[in-house]
Amino acid sequence: MIYSTYLGGGVAKAIAVDAAGNAYVTGAATDVSSGGTFPVTSELPNGGHSGAFVAKLNAQGSALVYSAILGDPTSGAGSQLAGGNGIAVDAEGNAYVAGATGDGSFPTTPGAFQTAFQTTPGGFIFKMNSTGTALVYSTLLGGAGAGADLIDALTVDAAGEAFVTGAAGSADFPVTPGAFQTVAKGRNAFVVKLSADGSSLRYSTFLGGSGTDAGTGIALDSQGEAYVTGTTQSADFPATAAFGPAPPAGFIAKFSAAGDALLFSDALAATLGAVAVDNQGGAYVIGSGNGQGIPVTSNAKQRCGGAMLVMKFSADGNALLYSSFFGDVGETPLTTSLGLALDSEMNVYAADSLGVTKLSPETGEPITPPCFDPAFYDITEVTPRAGIAPGAPAVIHGYNLGPQAGITAGLDSSGGFGTTLDGTQVMVGGYSAPLLYAQDGKIRFLAPFEVAGQQQVQVEVVRAGENSDPHTASVDAVLPAIIEQPTGCLSAVLNQDMSVNTPTNPAAVGSIIAIYAEGGGQLSLPMTDGSIITSPLPALQLPVDVWFQNVSNYGTIFYAGSAPGLVAGTLQVNVQIPANVTPGQIMFGIDIGGVGDLSLACLNVK
Amino acid sequence: MCHIDPLVSHCCAGLLLFSSLAFANPPLNLDSNRGQAGDAVKFVTRADAVIYSFTGATGGTAVAVDAAGNAYVTGSTTQGVPTTVGAYQPTFNGGTCFLGTTTAFCSMVLARRSLFTSSVRTDQP
């Protein structure tokens, strides 16, 4: 997480971000008279302390660059949409905000398209300078009819011309000659393009039938053609294509750059919220519905049951490239407030009341980045560690780390352990780590020998092209540990007759045992990560001691080095059990270079 | 009978032993609670794909993405959201708007998962 902060009282509705990482938020600030507070740093003429807010937060999320409030929902007719509903930012850092207000004294600027309040709640569009100290322009937008005119979404082109959509309650909502639909048939949606200086309408058109229609999302393609989404209750909605049975509940429409033609209009049985357009003109839409009559494509990851939908329409609107539910069965469908954004790789980010989900641009399938806990374990997973040691196995826990069923690595064509296992990789300090095991919740890997000498390294998991957050791991010269089972007094020990040391097969006092361990650090010969050790056998560079419970003398070491036939980093220590050891199940351990084994292994002695 | 050479053993018994103890023990599965009844299952299922999660969002939620792929989200909540050290307003004091940004909010999701899994050592006896 980069930052997460509260931001005063109210309801945040829309967000934009500039190239420097400053975030711009708009919404409705809580009325001071009802006990709410919202920070205001910029006192504008006719500004207020409740109403539509616009706030700019620095890239660190630690301070407001500015915050201003315009309008007062307690003055004049109120509306549930009172406040800012859409926001965009241009390359100069000017913020464009649109919404709805019932405040008859909402601040406007001289020369703006509409400076006088039209008696009923209407829309507003203003442009705030980059420092939040002045309005570049501010205009109202609405008619004088009985109904409210509400702007619900905004976008801006490279020339600084704002596009808005919403719901027109006024039959005399301002439209422009030659626009696609100049007469309202019911309570229709509208689409408006405002000049860069806010003084005139480039075009303004209704969109709808004889029922109730509302625009909820708007986006532009590279040609300046506007894509509009929304909801409809008009059986005669002007659709050029229908996906699914009537009656429709939502629509996506595309207008010509001049606003004089409807290039396509698709109606379907889902309410649609935000829209985003990729560099090929494909339109991504987020919506919701109860599933009845909603088209779901054959490539959908989730064909039913979720509350939210993500769809992709072709640039010509003739094809539904994918349509998939996402979310959990039983979630309540949302009718509003669904956010959508695209990144530079056209991945889709969908926001609902539970969070943000990243989706594939090709299929709408949720993209699940690998995540793991920054605690590292030795291979027996007994003791969490802060770090890793060269050549030593390490285990991390998380999810989306590997296949659900889990897969154990075998030897690859080079005769060693590879660095990719079923699409999973672990990067340690920039080196690919040999993998032993990968499963959704766990990875076992071998720390590359190349990290020796470093103080700490970044560990990152890559799966299916998605990178986890990097976690910092300390690098220890050694992390000695005897390989063992956590219970049952079963350690990786062979008795002198080569049989496995068990409670029913103890080793004799005075006999020689072979202990298998890990975390010995650097060896006397250069190691190839993941290779199987053969002759010549490298020895440990640091001194080794093996201690036994209740005796002060160490066992006599006959060999301490790489374990032949095992992967590089696995150690074998041949040691004689001291004659003064008391028979039974005893603790024993290994010290390498003066560093002890923390796992307290168990040995069966007779 | 094969005996350990005090200097070193080349016997394959070591490999078999190592395999049985280290490679073949039951894999840890953080999702072992899946399939059980209750809200936890619902959350954990959804958490697989949620890169920024919160509770109690009652108003609008909106998202934006910067050129680096960082996701910015805003909305309103009545139940609180985790905040970061040094944030502009780290405490919930009656205000309900929130704002956050992330690359891949794994830590938040992992923390939430821990609420529904008694221990990460679910594979151990």
Exercise for review: Among the aspartates and glutamates, select those whose C-alpha is under 15 Å from the C-alpha of A:Lys193, and discard any that sit fewer than 8 residues away in the same chain.
Suggested key: A:Asp152, A:Asp157, A:Glu161, A:Asp221, A:Glu225, A:Asp260
Exercise for review: Under a cut-off of 24 Å between alpha-carbon atoms, report the lysines in cross-link reach of A:Lys312, not counting same-chain residues fewer than 8 places apart.
Suggested key: A:Lys13, A:Lys254, A:Lys301, A:Lys358
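Is the shape of the range A:62-206 rounded, prolate or oblate, going by the alpha carbon gyration tensor and its root eigenvalues a ≥ b ≥ c, with a/c under 1.5 for rounded and a/b larger than b/c for prolate? All intermediate terms of the calculation are to be shown ahead of the outcome.
Values: a/c = 1.91, a/b = 1.31, b/c = 1.46.
Note, shape of the range A:62-206 comes out oblate.
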Study note, to complete from the structure: Between A:Thr472 and A:Asp172, the two model label points (7 Å from Cα along the beta-carbon direction) sit apart by a distance in nm of 6.6 nm
Study note, to complete from the structure: Contour minus Cα-Cα span, A:Ser511 to A:Ala91, at 0.36 nm per residue, comes to 143.4 nm
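Is the range A:390-526 rounded, prolate or oblate when judged by the Cα gyration tensor, a ≥ b ≥ c being the square roots of its eigenvalues, rounded requiring a/c under 1.5 and prolate requiring a/b larger than b/c? Write down the numbers at each step before the final one.
Values: a/c = 2.21, a/b = 1.65, b/c = 1.35.
Prolate, since a/c reaches 1.5 and a/b exceeds b/c.
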Study note, to complete from the structure: Residues of the range A:117-136 with backbone N under 19 Å of the label point set 7 Å from the Cα of A:Asn58 along Cα→Cβ are A:130-133
Point to revise | Residue order, fewest to most surrounding Cβ atoms within 10 angstrom, among A:Ser234, A:Ser314 | key: A:Ser314, A:Ser234
Point to revise | Karplus (6.51, -1.76, 1.60) ³J(HN,Hα), θ = phi - 60°, over the range A:123-130, in Hz, Gly and Pro reported as x | key: x, 9, 9, 9, 10, 9, 5, 5
**Study point:** Local net charge near A:Asp343, Cβ-Cβ under 11 Å (Lys/Arg +1, Asp/Glu -1)
**Key:** -2
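Can you give the longest stretch of chain A with no exposed loop site, where a site means GluC sites (Glu not before Pro) in a DSSP loop (not H, G, I, E or B) with at most 13 other C-beta atoms within 10 Å? Could the numbers behind the result be given before it?
Details: sites that count: A:Glu43, A:Glu92, A:Glu345, A:Glu362.
Answer - A:93-344.
Please give the length that would be gained between A:Gln454 and A:Ser256 if that part of the chain were fully extended, namely 0.36 nm times their separation in residues minus their C-alpha to C-alpha distance (nm, one decimal). Provide the component values of the computation, followed by the final result.
Values: separation 198, 0.36 × 198 = 71.28 nm, distance 5.98 nm.
Result: 65.3 nm gained on full extension.
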Check your understanding: What's the FRET efficiency of A:Thr408 with A:Ala579 using the Cβ-Cβ distance as r and R₀ = 41 Å, to the nearest 0.05?
Key -> 0.50
**Study point:** Inter-probe distance in nm under a simple model that places probes 7 Å from Cα toward Cβ, at A:Thr212 and A:Ser360
**Key:** 3.9 nm
Review point. From a point 7 Å beyond the Cα of A:Thr420 in the direction of its Cβ, which residues of the range A:446-478 have a backbone N at a distance under 17 Å?
Key: A:461-468
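Expected output is a single nm value to one decimal: the length gained when fully extending between A:Asp316 and A:Asn553, i.e. 0.36 nm times separation in residues minus the C-alpha distance. What is it? If you can, show how the numbers build up before the last one.
Numbers: separation 237, 0.36 × 237 = 85.32 nm, distance 8.30 nm.
Between A:Asp316 and A:Asn553, full extension yields an extra 77.0 nm.
Determine, from the Cβ-Cβ distance of A:Ser298 and B:Ala67 and an R0 of 30 Å, the FRET efficiency 1/(1 + (r/R0)^6), rounded to the nearest 0.05. Let's see the in-between values first.
Values: r = 34 Å, r/R0 = 1.13.
Approximately 0.30, to the nearest 0.05.
Counting every Cα pair in chain A, what percent are over 34 Å apart? Walk me through the intermediate numbers first.
Details: 100845 of 183315 pairs.
When all Cα pairs of chain A are counted, 55 percent exceed 34 Å.
FYI, it's all coordinate maths here, none of it is from the lab. If you're wondering where the values come from, they're calculated on a predicted model, not measured in any experiment. Here the Cβ is made from the backbone with ideal geometry for all residues, glycine too, and neighbour counts use every protein chain on show.
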